[in-house]
Every structure is written in structure tokens, then in C-alpha cells.
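Notes follow the structure.
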């Protein structure tokens, strides 16, 4: 039975890619829950499985070359067991997605208004005049002039393009919004504007948001809870403020230590912090803790996969040597 507070529950999600090099084990038993009305961050380095998780939720992975198993429960039913027709009725209407690069997601051959209108018309039958009014209202809601509807994507800045993508994503008033690195291609000032917009819309529309990022600074500013992902595993989940103040998993601590900070006055040579090594190749994943080869406190017991440890106050970690709160 699911929790009534959960809008999405992922249980033991596994995803293998069938490639010419062999089987790539991209996800290895992901467990994650998204509560109603929260912004939940999914954070980790590139290649750790964040985007694969988002696409598995929506059934956007190539079924011919992918094996997906587990449970992705939404509205009481497993999305992985639903037909493509059922998923098309859910995508865009009840679960929407904002992708990383808006210019690659928008057609250069159609106006912005036409593309927003199409997103609405796929799920809600409206007369042409009402469709135009709704499109104009959506553009205003995301901070754009209604006349933006007449322009083509390549005529807009990156920040404006991302606002258009957000307008499309909320056009049918979904229950769940997945934002996959929505600010990565934007400069720092525009990033902040887009994040404020997402947070404002989340409150206004009572959205549940899964925010995928590699940036803990974004998590600190935006998220209620956070799950840390490494090598296809969720290694820690906790309220965002608590995890940032006192991370329990060594990988979480390493990521937080890599947040850029101001250098001491007069210092010009201090190196940027990095995590030594790199994530394991998932064609032959390690049998034990996947972070052990990069972890300064790894011991012999780390050759075995660590157990799930409940730390209380909504905190969970997979580690043989978790750090307790100070």
C-alpha cells in the first residue's frame, strides 16, 4: 500500500542498456518517494543515473534496447505496467517535464504560441480563440509578454526559451513536474530567475516537483528534500537543510565540499575542490559500495553492499560508516 502523502513512489527501479559493449547497468535498485506539494532534489555527478530515472518514470526509454524493472507508482498504479496509449494520456497532462536544453526541445519551424497551443490541444479540446487566450495567459504567468507567442524559438534568449518550456509544462496543470537540469545552460543571473519562477509556480499550483541537478547550491536554495544518487543508487535521502548542514554519506559530503566558495582575501592560487577518481564503469559494477574506491574512510566491510540505515527525522543512508548529526 502506498502512502497517501506520496504523489510518486519508486521501488527497486532497475534499468539496463543493451549496447554493443555489453550490458550497462544504469540503475540498480533505486528507491525514491516524492511527497505532495514538495520540491525534491535529485543530485549527483553526470552519469550517475539522474536523467535515466526521469525518463524511466515517463516511459521515454528505448524499449528495444532497454530492460526496465521495478515499480514506479503514480495514482496507485505502476507506470511501468501501463500501455503506451495510457502513458501518452499521462505525459503533459498529469506529469510534465522540463528538459535541460530548451532549444533542442522546441521546433525551430513553429512559433512559440503554436507549440504551447499544441501541448494544450493534445489533452484539452478548446476553440481556437480560447486556445490563444490560454496561451497568452501562460506566457504572462512565466513572465513573458503575450506577443512572444508570435515569435520563433531562435528569436528568444536561453532564459526566455526555458520560460516557454515551463509554460508548456504547466499548460494542463499537472500534478507532477520533472525538471531535468533546467538551468544548466543559463548564466548565473538567469538561473536564479528561472529557479524563483519554478518555486513560485510550485506554490501557486500546488505542484510536486522532482528537480534534477548536479548543483548543491541549487538544492540549498530551492528544495524541501533531497536524494543523492551515485552509480545508479540512491545513497542518501534527507530534508535538504539537514543534509547540507550534516551530510551522513561520504559522497554527499564530497559534493557539498565542492560547492564554490569565495577565496580568502589576497589568495589567488587555492585549487578548486574536486572528488578524486571517477564513478565506476557500470558495465561491470562493483559488488560492494560503489563509492568505496573514492572514499577516504572505506574499510574491508565496504566490499559488501551497505545496508539501508534509518537515521530518524526523515533521513536514510546506505553506508557502512555513516556520520551522525553533530
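Observations
- Selection within the range 165-179 - over 23 Å from residue 152 (Cα atoms) and either touching a residue at least 60 places away in the same chain (Cβ under 8 Å) or touching a strand residue (DSSP E or B) at 6+ places or on another chain (Cβ under 8 Å) (or both): 174, 175, 176, 177, 178
- Members of the range 195-216 that are part of a helix (DSSP H, G or I) and buried (at least 18 other Cβ atoms within 10 Å of the Cβ): 195, 197, 198, 201, 202, 216
- Of the numbered criteria (1) within 26 Å of residue 314 (Cα to Cα); (2) assigned to a helix (DSSP H, G or I), the one residue 27 fails is (2).
- Helices (runs of 4 or more DSSP H) lying entirely in the range 40-112 (those with 2 or more residues that are under 23 Å from residue 219 (Cβ atoms) and out of contact with any helix residue (DSSP H, G or I) (no Cβ under 6 Å at 6 or more places or on another chain)): 50-58
- Condition check for residue 149: in a helix (DSSP H, G or I), touching a helix residue (DSSP H, G or I) at 6+ places or on another chain (Cβ under 6 Å) and more than 30 Å from residue 6 (Cα to Cα): yes
- Boolean, residue 125 is part of a loop (DSSP other than H, G, I, E, B), farther than 27 Å from residue 218 by Cβ and free of Cβ contacts under 8 Å to residues at least 24 places away in the same chain: yes
- In the range 181-189, the condition of being touching a residue at least 40 places away in the same chain (Cβ under 8 Å), within 13 Å of the chain's Cα centre (by Cα) and within 30 Å of residue 307 (Cα to Cα) is met by at least one residue.
- Boolean, residue 149 is surrounded by 16 or more Cβ atoms within 10 Å (Cβ to Cβ) and under 21 Å from residue 204 (Cα atoms): no
- Being at pLDDT 95 or above and crowded, with 18+ Cβ neighbours inside 10 Å is a property that residue 72 has.
- Of the residues making up the range 172-194, those that are part of a helix (DSSP H, G or I) and surrounded by fewer than 20 Cβ atoms within 10 Å (Cβ to Cβ) are 188, 189, 190, 192, 193.
- Here the range 217-232 is the region considered, the condition is being buried (at least 24 other Cβ atoms within 10 Å of the Cβ) and out of contact with any helix residue (DSSP H, G or I) (no Cβ under 7 Å at 6 or more places or on another chain), and the residue that is nearest to residue 170 (Cα to Cα) is 227.
Each row is one residue, and each column tells you yes or no for (1) touching a strand residue (DSSP E or B) at 6+ places or on another chain (Cβ under 7 Å); (2) without any contact (Cβ under 8 Å) to a residue 60 or more places away in the chain; (3) surrounded by fewer than 17 Cβ atoms within 10 Å (Cβ to Cβ); (4) over 13 Å from residue 15 (Cβ atoms).
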position: 60; (1), (2), (3), (4): no, yes, yes, no
position: 63; (1), (2), (3), (4): no, yes, yes, no
position: 76; (1), (2), (3), (4): no, no, yes, yes
position: 79; (1), (2), (3), (4): yes, yes, no, yes
position: 84; (1), (2), (3), (4): no, yes, yes, yes
position: 97; (1), (2), (3), (4): yes, no, no, yes
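The values are calculated or read from the model by the stated rules, or taken from the named source; none is laboratory data. Since this is a predicted model, take the numbers as computed values, not measurements. Here Cβ is always computed from backbone atoms with ideal geometry, including for glycine, and neighbour counts include all displayed protein chains.
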